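Scroll down for the structure; my scribbles are underneath it.
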Amino acid sequence: MTSSDTLKFLESLLAKDFKAEHHRRQPRKRAEPLIITLSRDFGAGGEALVAELARLLDLPIYDKEVLDRVAKKTRIDKIHLEHHDEDSAERISDLLYNLVFGTAATRHDYRRALIEVVTDLAKNDCIIVGRGAHLILAGRKVFRLRVVGSRPVCGERVAAELGIGQAEAERLVFETNNKRHKSVQTLFSDLYDECSLEHAINFDLVLNTDHLPPGNATPTVLVAAQQFGFEIFDLHQREAT
């Protein structure tokens, strides 16, 4: 579905609620921030989906920038914090962390700073990718999106993107998803009874992109966000700009 098709589809679905003619003249100013958190399986297309959402809704995306801000807040080199980040290969004990890096920082320090950074970002419209933001912002009016896919289908996409074989791509999908799961559980298991990324109740919308390609999922997410109670700027005006 092209961007033009997406806009036409959304207009037909949302015209009544949004009074489209009025919005074409003047975009609605949101009474509260529009916050979307993204949790995604590797190869499921979550990044591409939120990139399109960000373009249509004029929202900044925070991904690796979250870690940059945590590093600045804690005054610890970013390379050290990557051992706590979602892409880390494995968890290391706080004691070993201190011995190796010569710093008193622990995973709890990282989590404290991460919570502060995510909470601060959520004061304004934005999309936050990963890092357990869906848990950190639980209880607030935030649209929590998870994008998933089966290992074979995600592997197909990764193989095509990276130019590798299917078997290697599926192994990479499994390993990456496993790291993300472990990262969230390690950081938040003492705060939340059910923090697994497989616990669907922690999300407002879970999209399986096996049969709904990421490029065709934008209308579904936007309609769901509107039904969730968020006000969205006029998409025609966004497209025109």
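The numbers here are math on the coordinates, done by the rules we state, and not lab data. Quick caveat, the model's predicted, so the values are computed rather than measured. Heads up, the Cβs are rebuilt from the backbone with ideal geometry, glycines too, and the neighbour counts pull from every protein chain shown.
When the gyration tensor of the stretch 117-169 is built from Cα positions, what are the square roots of 5 times its three eigenvalues, in whole Å, from largest to smallest?
Over the Cα atoms of the stretch 117-169, the ellipsoid semi-axes are 33, 11, 8 Å.
Which residues does the label zone of H199 cover in the stretch 106-132, counting backbone N under 14 Å from a point 7 Å along Cα→Cβ?
Taking a point 7 Å out along Cα→Cβ of H199, the residues of the stretch 106-132 whose backbone N falls under 14 Å are 132.
If each of D210 and Q227 carries a label point 7 Å out from its Cα toward its Cβ, how far apart are those two points in nm?
Between D210 and Q227, the simple spin-label model gives 2.2 nm.
Pull up all non-local amide H partners of Y62: gap of 5 or more, or a different chain, and H-to-H distance under 5 Å with H placed in the peptide plane.
Sorted by chain and number, the residues that satisfy this are I127, I128, V129.
Quick one: which residues, 5+ away or cross-chain, put their amide H under 5 Å from the amide H of R40? H built at 1.01 Å from N.
Distant-sequence amide H within range of R40: V147.
Find how many whole Å separate the alpha carbon centroid of the stretch 40-75 from the alpha carbon centroid of the stretch 122-180.
Computed from Cα coordinates, the inter-centre distance equals 11 Å.
Using θ = phi - 60° and the Karplus curve 6.51 cos²θ - 1.76 cosθ + 1.60, what whole-Hz ³J(HN,Hα) does each residue of the stretch 43-53 get, with Gly and Pro shown as x?
x, 7, x, x, 5, 5, 5, 6, 5, 5, 4
Report the extension gain between A160 and T220 in nm, rounded to one decimal, defined as 0.36 nm multiplied by the number of residues separating them, less their alpha carbon distance.
Value of the extension gain: 19.0 nm.
Using 0.36 nm per residue of separation minus the Cα-Cα distance, give me the extension gain between H181 and E168 in nm, one decimal.
Stretched out fully, the H181 to E168 stretch lengthens by 2.7 nm.
For the pairs K64/K179; K73/K182; K123/K179; K72/K141, note any where the Cα-Cα span goes beyond 22 Å.
K73/K182; K123/K179; K72/K141
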